[in-house]
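The values are calculated or read from the model by the stated rules, or taken from the named source; none is laboratory data. Not measured: the values here are computed from a predicted model. Here Cβ is always computed from backbone atoms with ideal geometry, including for glycine, and neighbour counts include all displayed protein chains.
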Amino acid sequence: MNLVIPTGVVVLVQTAVLISRVTAAIPGYSTYFGGSSGEKAYAVTLDTDGNSYIVGETQSGDYPTIDCYQNHIAGNTDICLSVFSSDGSSLLISGYIGGISNDYGYAIALDADRNIYVSGSSNSYNFPTLNSIQSYLAGSDDAVVVKFFADGSDVSYSTFLGGSGSDKGKGITVDSGGGVYITGSLNLPISRRRRLFRELMGEEVKTLF
């Protein structure tokens, strides 16, 4: 069976985190990436220069870090975020964000200024929050939404999003006005779901569960 990969595509293979880029304009690259334990890459996006932004999960205390918000693992599993140059020769940003338990990064997006948006899930009561809509873990696990500044060194905001059940942020996109849209799964009664949506109206983050 022949696998045909369109030009400019970054291919992610889970478990070993194999990162491959095939393009007609730029020499391709392929590399393993991670630490001494387990990593999974769940999503990737590119900026206008062809740099690759990858988000996923890691259990490695020695995951490569550079110019990052959090340079150590805080729990069993943390969200990992890494940015590679267009030719794969340089690691531009790489690090963790997470709390004491398990945190997963499922989706990633960029705005016009290359600020980095990540959505995922967490069951860490102390997941880092800042300028948050919801500063606490409300259920068994909640969706999380994080906006990193373009250089990756700090966050603009970080928030839980969820109720008393299990909630996950599986997709994210940003519009031209900076509005952030989240998709995923929400385990809430209809009445609580409507109340949550009313609470979020007028906020920067918009949910589409």
> If you take the residues in the stretch 103-119 that are surrounded by fewer than 24 Cβ atoms within 10 Å (Cβ to Cβ) and among the charged types (D, E, K, R), which one is farthest from V55 (Cα to Cα)?
Replying inline: D113
>> Can you tell me which residue is modelled with the highest pLDDT among those in the stretch 152-166 that are surrounded by 15 or more Cβ atoms within 10 Å (Cβ to Cβ) and more than 15 Å from the chain's Cα centre (by Cα)?
In response: S166
> Which of the residues spanning the stretch 32-73 are under 16 Å from the mean Cα position of the chain (by Cα), under 20 Å from I100 (Cβ atoms) and hydroxyl-bearing (S, T, Y)?
Replying inline: T58, Y63, T65, Y69
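Here is a yes/no grid of residues against (1) of a type in the set (F, W, Y); (2) under 13 Å from I97 (Cβ atoms):
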residue	(1), (2)
F127	yes, yes
S140	no, no
V145	no, yes
A150	no, no
L161	no, no
>> Give me the strands (runs of 3 or more DSSP E) completely within the stretch 70-154, filtered to those with at least 2 residues that are in contact (Cβ under 8 Å) with a residue 24 or more places away in the chain and farther than 16 Å from K170 by Cβ, ordered by residue number.
In response: 78-84, 91-97, 142-148
> From the residues in the stretch 179-196 that are modelled with pLDDT of 85 or more and small (G, A, S), which one is farthest from D47 (Cα to Cα)?
Replying inline: G184
>> Condition check: surrounded by fewer than 21 Cβ atoms within 10 Å (Cβ to Cβ) and of a type in the set (D, E). Does D78 satisfy that?
In response: no
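Quick grid of which residues meet (1) in contact with a helix residue (DSSP H, G or I) (Cβ under 8 Å, 6 or more places away or on another chain); (2) closer than 20 Å to T58 by Cα; (3) not basic (K, R):
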residue: V118; (1), (2), (3): no, yes, yes
residue: S121; (1), (2), (3): no, yes, yes
residue: S124; (1), (2), (3): no, yes, yes
residue: S135; (1), (2), (3): no, no, yes
residue: G139; (1), (2), (3): no, no, yes
residue: K147; (1), (2), (3): no, yes, no
residue: G152; (1), (2), (3): no, yes, yes
